[in-house]
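Take a look at the structure below.
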Amino acid sequence: MVANGSFVSPTADAQIAQNIGQLDSSGLVSTLLNNFNGWTFLLTAFLVLVAYDQFNYIWSKGSIEGPAFKAPFIGPFLESVNPKFSKYYEKWMSGPLSCVSVFHKFVVIASTRDMARKVFNSPTFVKPCVVDAAYKLLRPENWVFLDGKAHVDYRKGLNGLFTRQALQIYLPGQEEVYNAYFKRFLRISQEENKGKPVPFMPEFRELMCAVSCRTFVGHYISDDAMKKIADDYYLITAALELVNFPIILPFTKSWYGKKAADMVLVEFTKCAAKSKVRMAAGGKKECILDCWVASMLESEAYRDKVASGVKVDDNEKPTMLIRMFTDFEISMTLFTFLFASQDATSSAATWLFQIMADRPEFLDRVREENLRVRGGDRNAPATMDMLESMTYTRAVVKEVLRYRPPVLMVPYVAKKSFPISDTYTVPKGSMVIPTTWLALHDNEAYPNADSYDPERWISGDAEKQVKNWLVFGTGTHYCLGQTYAQLNLMLMIGKASMMMDWKHQITDKSEEIKVFATIFPMDDCLLSFTERP
């Protein structure tokens, strides 16, 4: 017979009832039970979650700098809606490591050169990451979200797109865009505004987007589609702010950004299909897309020969064997190139035009050098030999990238607990953000670092400060297009110097920094252009 474990005697039941009655002689238990309704439960649960959120932040913060407490759940989210450079700078100066916690993200900021380099050079512990919305905009299967060997192998297949030979191929398309937009700048200044200075930052954003599209996908994209991408790209930038609401809701920044990103992916997918047809027919390579598709076709032809038993000489084997990517895979990769270049080059271009206007002695030297290497013919097509011989123009570009670095912060995520210093370990899953500003404004590496001085790259020792030169990152995830980006800016300012003069209306906001993914003058750079004879 099985015993019933729930059986107790009537005497025991009576005793328990008596004890409960004595315990609740004041009516306390009854009162609590009677008043414990749904609202009480929700309030209790909320307070428990607030306490847990606060405890988790304090535990993660440990010994590093940061607010003693955080606003429940959202943290400094409201500050991120309108980010201020002064707040970022204050955070960087607070210590080598500092932190914030926003929504479900704990963020560690590595401010000094050595701390930033520690993050860049620790692929075992961290990998690049982006805000939550980026996975939806760029698509989760995008190559930029690969890690380890998969990422390294993918990058190897892209290296050939940025060789000296490849960069020469892209120059005519870039010059074509610059010629067209410089005429537009003159029309805006002289015909539409009668010489009155107007904000040109939006124009520089459109210019750099058009140059990127022509470089990446050539003439496969229509002028109307290119203009649409340039017009809408600011929606993508706004959707990818460092801190944003984690869910895409209708009619929010992320929602509009997703629609714009989808449009770009559709256009680039069409371009990929066209390039495959043209390259298969033996067409001339004109853009990054052509060079990449041609490599795919060469690899496919080589594999077919080997598979059929045909003897193939070693010199016929492509330098890098890659598979045939789908049109959409190609589109996603090209979109990452646009994503990586658009805001950064727009920022550099804006500061470059403003600084050259405010320091005409620098602009005169750029103009003289560009005319000289072209033999006095300002319409002579640019070549890699020309660009590589422009010592001063190169110095002007490198100094603007140091003085006003377009990329202030590079988000990473800790794949596992990361002992970033002797006294602090970054918790697994936290964001880790190395910053570039302090390294690039280090007075020991760059004397009088807060002044713009191109000469430091010619007669000074700025070139030797390789540990501080973090403009394009370092380590396994350094920027693939760093040479392309610098040559592109050299071509832009060199052509502009020969074709136009421009004046800058200085305001009390001209040197203040506005943060919009990258950095821009707070007044959006008020300029007026005139044509040079």
- Task: Go through the residues of the stretch 344-358 one by one and say whether even a single one is at pLDDT below 95, in a helix (DSSP H, G or I), among the charged types (D, E, K, R) and out of contact with any Pro (no Cβ under 6 Å at 6 or more places or on another chain).
- Result: no
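Residues in the stretch 126-141: is at least one farther than 28 Å from SER254 by Cβ and open to solvent by 30 Å² or more (accessible area, probe 1.4 Å)? It would help to see each step written out before you state the result.
Applying the first criterion (farther than 28 Å from SER254 by Cβ) to the stretch 126-141 yields none.
There is no residue in the stretch 126-141 that is farther than 28 Å from SER254 by Cβ and open to solvent by 30 Å² or more (accessible area, probe 1.4 Å).
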- Message: Report every pair of residues separated by at least 6 positions or lying on different chains whose Cβ atoms are under 7 Å apart, first residue within the stretch 102-126 and closer than 11 Å to VAL432 by Cα, second among the charged types (D, E, K, R).
- Response: ILE109/LYS91; ALA110/LYS118; PHE125/LYS415; PHE125/LYS416; VAL126/LYS415
- Can you tell me which residues in the stretch 57-70 are open to solvent by 70 Å² or more (accessible area, probe 1.4 Å) and either assigned to a helix (DSSP H, G or I) or touching a residue at least 40 places away in the same chain (Cβ under 8 Å) (or both)? ILE58, TRP59, SER63
- Task: Would you mind listing the helices (runs of 4 or more DSSP H) fully within the stretch 71-139 where at least 2 residues are over 22 Å from GLU444 (Cβ atoms) and within 20 Å of the chain's Cα centre (by Cα)?
- Result: 77-81, 85-93, 132-138
- Residue check, SER346 open to solvent by less than 20 Å² (accessible area, probe 1.4 Å) and within 24 Å of ILE506 (Cβ to Cβ): yes
- Long-range neighbours under 6 Å by Cβ, at least six apart or interchain, first residue over 18 Å from SER94 (Cβ atoms) within the stretch 426-441, second open to solvent by 10 Å² or more (accessible area, probe 1.4 Å) and polar (S, T, N, Q): PRO427/SER60; LYS428/SER417
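Is the stretch 203-222 home to any residue that is open to solvent by 40 Å² or more (accessible area, probe 1.4 Å), touching a helix residue (DSSP H, G or I) at 6+ places or on another chain (Cβ under 9 Å), farther than 21 Å from LEU171 by Cβ and at pLDDT below 95? It would help to see each step written out before you state the result.
Just the residues of the stretch 203-222 that are open to solvent by 40 Å² or more (accessible area, probe 1.4 Å), to begin with: 219, 222.
Adding the requirement that they be touching a helix residue (DSSP H, G or I) at 6+ places or on another chain (Cβ under 9 Å) leaves 219, 222.
The next check asks that each one be farther than 21 Å from LEU171 by Cβ; those that pass are 222.
Now drop any that are not at pLDDT below 95, which leaves 222.
Yes, the stretch 203-222 contains a residue that is open to solvent by 40 Å² or more (accessible area, probe 1.4 Å), touching a helix residue (DSSP H, G or I) at 6+ places or on another chain (Cβ under 9 Å), farther than 21 Å from LEU171 by Cβ and at pLDDT below 95.
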- Would you pick out the residues in the stretch 457-481 that are touching a Phe, Trp or Tyr at 6+ places or on another chain (Cβ under 8 Å), open to solvent by 20 Å² or more (accessible area, probe 1.4 Å), in a helix (DSSP H, G or I) and at pLDDT 95 or above? GLU463
- Query: Any residue at all in the stretch 333-341 that is modelled with pLDDT of 95 or more, in a loop (DSSP other than H, G, I, E, B) and either open to solvent by less than 10 Å² (accessible area, probe 1.4 Å) or β-branched (Val, Ile, Thr) (or both)?
  - Reply: no
- Task: Kindly establish whether TYR424 is open to solvent by 10 Å² or more (accessible area, probe 1.4 Å), touching a Gly at 6+ places or on another chain (Cβ under 7 Å) and in a loop (DSSP other than H, G, I, E, B).
- Result: yes
- In the stretch 372-393, residue farthest from ARG205 (Cα to Cα) [restricted to those that are part of a helix (DSSP H, G or I) and in contact with a helix residue (DSSP H, G or I) (Cβ under 6 Å, 6 or more places away or on another chain)]: VAL373
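Collect the residues in the stretch 396-421 that are more than 17 Å from the chain's Cα centre (by Cα) and outside any strand (DSSP E or B), keeping them in residue-number order.
If we filter the stretch 396-421 for residues that are more than 17 Å from the chain's Cα centre (by Cα), which is where we start, we get 396-400, 403, 414-421.
Scanning the stretch 396-421 gives VAL396, VAL397, LYS398, GLU399, VAL400, TYR403, LYS415, LYS416, SER417, PRO419, ILE420, SER421.
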- Message: Any residue in the stretch 459-481 that is within 27 Å of GLY160 (Cβ to Cβ) sitting within a Cβ distance under 6 Å of a residue that is open to solvent by 60 Å² or more (accessible area, probe 1.4 Å)? List the pairs, counting only those 6 or more apart or interchain.
- Response: PHE472/TYR478; GLY475/ASN121
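Out of LYS183, LYS228, I need the residue that is assigned to a helix (DSSP H, G or I), basic (Lys, Arg) and surrounded by 16 or more Cβ atoms within 10 Å (Cβ to Cβ). Which one?
On the way: LYS183 fails: surrounded by 16 or more Cβ atoms within 10 Å (Cβ to Cβ).
Just a single option satisfies the conditions, and that option is LYS228.
Can you confirm whether LYS149 is over 30 Å from TYR220 (Cα atoms), outside any strand (DSSP E or B) and modelled with pLDDT under 95?
On the way: over 30 Å from TYR220 (Cα atoms): yes; outside any strand (DSSP E or B): yes; modelled with pLDDT under 95: yes.
So LYS149 fits the description; yes.
Of the residues that sit in the stretch 257-302 and are on the phi < 0 side of the Ramachandran plot and not in a helix (DSSP H, G or I), which one is most open to solvent (accessible area, probe 1.4 Å)? Don't jump to the end; show me each part of the working.
We begin by selecting, within the stretch 257-302, every residue on the phi < 0 side of the Ramachandran plot; these are 257-281, 283-302.
Filter again for not in a helix (DSSP H, G or I), leaving 281, 283-287.
Values: ALA281: 89, GLY283: 27, LYS284: 151, LYS285: 81, GLU286: 76, CYS287: 1 Å².
That would be LYS284.
Output yes when any residue across the stretch 487-508 is assigned to a loop (DSSP other than H, G, I, E, B) and in contact with an Asp or Glu (Cβ under 6 Å, 6 or more places away or on another chain), and no when none is. Before the answer, list the steps.
In the first step, residues of the stretch 487-508 are kept if they are assigned to a loop (DSSP other than H, G, I, E, B); the result is 505-508.
Filter once more, keeping what is in contact with an Asp or Glu (Cβ under 6 Å, 6 or more places away or on another chain): 507.
Yes; the residues of the stretch 487-508 include at least one that is assigned to a loop (DSSP other than H, G, I, E, B) and in contact with an Asp or Glu (Cβ under 6 Å, 6 or more places away or on another chain).
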- Task: Considering only the stretch 405-417, state which residues are touching a Phe, Trp or Tyr at 6+ places or on another chain (Cβ under 9 Å), surrounded by fewer than 23 Cβ atoms within 10 Å (Cβ to Cβ) and either farther than 17 Å from VAL471 by Cα or free of Cβ contacts under 8 Å to residues at least 12 places away in the same chain (or both).
- Result: LYS415, LYS416, SER417
- Only one residue in LEU171, LEU146 is open to solvent by less than 30 Å² (accessible area, probe 1.4 Å) and out of contact with any strand residue (DSSP E or B) (no Cβ under 8 Å at 6 or more places or on another chain). Which one? LEU171
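For the stretch 274-284, name all the residues that are closer than 21 Å to MET332 by Cβ and of a type outside the set (Ser, Thr, Tyr).
Matches in the stretch 274-284: LYS274, LYS276, VAL277, ARG278, MET279.
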- Matching residues, the stretch 360-390, being in contact (Cβ under 8 Å) with a residue 40 or more places away in the chain and open to solvent by 80 Å² or more (accessible area, probe 1.4 Å): PRO381
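For LEU438, indicate whether it is surrounded by 16 or more Cβ atoms within 10 Å (Cβ to Cβ), among the aliphatic types (A, V, I, L, M), under 20 Å from THR483 (Cα atoms) and within 25 Å of the chain's Cα centre (by Cα).
no
If you scan the stretch 307-323, which residues turn out to be under 20 Å from ASP153 (Cβ atoms), open to solvent by 60 Å² or more (accessible area, probe 1.4 Å) and not charged (D, E, K, R)? Before the answer, list the steps.
Of all residues in the stretch 307-323, those under 20 Å from ASP153 (Cβ atoms) come to 317-323.
Among the residues that remain, those that are also open to solvent by 60 Å² or more (accessible area, probe 1.4 Å) are: 317, 319-321, 323.
Residues satisfying the conditions are THR319, MET320, LEU321.
The values are calculated or read from the model by the stated rules, or taken from the named source; none is laboratory data. What you see is a predicted model; the values in this text were computed from it and never measured. Heads up, the Cβs are rebuilt from the backbone with ideal geometry, glycines too, and the neighbour counts pull from every protein chain shown. Accessible surface areas use protein heavy atoms only, side chains included; no ligands, DNA or RNA. Shrake-Rupley method; radii C 1.70, N 1.55, O 1.52, S 1.80 Å.
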